[in-house]
Amino acid sequence: MIILVVLLIGGGVYWFTQRGSRRSDVTAPVPHTGLPALAVGPASPVPGSSGRIVVSGLTKRFGEVTAVDQLSFAVEPGRVTGFLGPNGAGKTTTLRALLGLTAPTQGTATIGGARYGELSRPMRVVGAVLEGSAAHRARTGRDHLRIICRAGGVPVQRADEVLALVGLAAAGRRQFKGYSLGMRQRLGIAAALIGNPPVLILDEPANGLDPEGIRWLRDLLRGLADQGRTILVSSHLLAEVQSLADDVVIIAGGRLVAHGTIESVLGTVAGAGRTMVRTPEPDKLIAELGEGAVVTPGADENTFYISGVDAAGIGDAARRAGITLLHLATERLDLEEVFLALTTDKAAIR
C-alpha cells in the first residue's frame, strides 16, 4: 500500500475536530509570501524545542512479533541524518510511531519535545513522506497541493511556491496519473514542504529519481539543513547517504546497532580499513610484519593489501628491514561495507 504522509489531515480537519482538548501551543504561524523559487524561507518556529527528534526506549510489538525493541536515538537540528537498516529492521514502524500513525507499546517518540498527537498545528512542525506519494489519479498536482493547503489552513498560493521549488511548475496542471515515479516523489516532497516545517521525515525520497533528480534532492536537503532544519532520511542508497548525511542511525532486528557521525560510524568496525602496499620485496615485508598482518593479494605480485596493521606500523617494519616502499596508502571501508558488517546475521525479516 502506497502511503503519502504529509501530515495534512493531521494538521487540518481531524486534529481540529478530534483532538482540540489535547493540543499544546507548540507552533506559531508562518508567513508564506515572498518565498523565492529556490528556497523555502525560515522554518516555522518551535518554541523551546528547536525541532529535535528524540526516540527513547521505543518498543512496538505486533502480537508475538517485536518490530522495534528498546530503540533510542536523537536527530539534531541543522543536520541531515540517514536512517538505515535492512528490510524488516523496523525503520517504517519507527517512522510511523514518530508521526502518530502507530502507538508505541513502550517508550516515546517526540518531535520538538512533543508527541505528534500533542502538536497544535502538525503541518507547521513536521512534513513527511512515507513509502511513496499518492494522489487522486484524475487530479492535477496543483489541485492536490491546494487541497492540502486548505486542509492545513495554509494560503493556497503556497501550492505554486512548492511546485516551483521541486521543479514541477510546468507539470502542475497535469493529472497525477500522467506523472512518472520521479515526478510523484517530487510531488510528495512538495506536499511535505507546504507547512514550511522545521522538521522533515522522508522515507526513500530518491526512489524513482534520475541522476539529475538525485543531485537536486541532495542539494535541496543540504540547503534545508543549512537553514537549521532537522532532516531524517530513510534510504537504501548507501553511497548517496554517505555523500549527503552528517549523521547515521543504523538499526537491525528492531535494535540500534550504530549511531553517530558518518566518520565515527565508519570507524566502528574493527580494522575498518586496509592499507595498499607496493614493494619489490613483498615476502620480506610480510615476514617482518608477522602474524598480526592479514594479507590480501593485489593487482600484481608486488602489490597487496594489509589489514590488522596500520600504515605507520607497516612503515616502521619496512624501515627496520631496509625494505623500499613504492606505494603506501590506507583505504577505509565505505558506508555500505560498514553497514553490511554491522547488520550481517541481524537482518532476518521477522
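In table form, for the structure just shown:
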quantity: Sorted by Cβ neighbour density within 10 Å, fewest at the top, the residues PHE83, PHE339, PHE62; calculated: PHE62, PHE83, PHE339
quantity: Derived scalar couplings ³J(HN,Hα) [the range 230-242; Karplus, 6.51 cos²θ - 1.76 cosθ + 1.60; whole Hz; x for Gly, Pro]; calculated: 9, 10, 10, 10, 8, 7, 9, 8, 5, 5, 5, 4, 4
quantity: Under-5 Å amide H pairs with VAL68, H placed in peptide plane, nonlocal only; calculated: LYS60
quantity: For GLY100, distant residues with modelled amide H under 5 Å away; calculated: TYR116
quantity: Potential extension, ASN207-ASP334 segment - 0.36 nm per residue separation minus Cα distance; calculated: 43.6 nm
quantity: Positive minus negative residues near ASN196 (Lys, Arg vs Asp, Glu; Cβ under 15 Å); calculated: +2
quantity: Integer Hz, Karplus 6.51/-1.76/1.60 couplings in order for the range 158-170, x for Gly and Pro; calculated: 4, 4, 5, 5, 6, 4, 5, 4, 9, x, 10, 4, 6
quantity: The range 313-326 - phi-based ³J(HN,Hα) in whole Hz, Karplus 6.51/-1.76/1.60, Gly and Pro as x; calculated: x, 5, x, 5, 5, 5, 5, 4, 8, x, 9, 7, 9, 8
quantity: The range 273-332 shape via C-alpha gyration tensor axes, a/c threshold 1.5; calculated: rounded
quantity: Proxy reagent accessibility, fewest Cβ within 10 Å first, across ASP219, ASP300; calculated: ASP300, ASP219
quantity: Under-5 Å amide H pairs with ALA134, H placed in peptide plane, nonlocal only; calculated: LEU4
quantity: Order of ARG186, ARG274 - criterion: other Cβ atoms within 10 Å of each residue's Cβ, fewest first; calculated: ARG274, ARG186
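Each reported figure results from applying straightforward, stated rules to the coordinates on display, with no laboratory input. Every value quoted in this text rests on a predicted model; they were computed, and no experiment measured them. For neighbour counting, all protein chains shown are included, and Cβ atoms are generated from backbone atoms with ideal geometry for every residue, glycine included.
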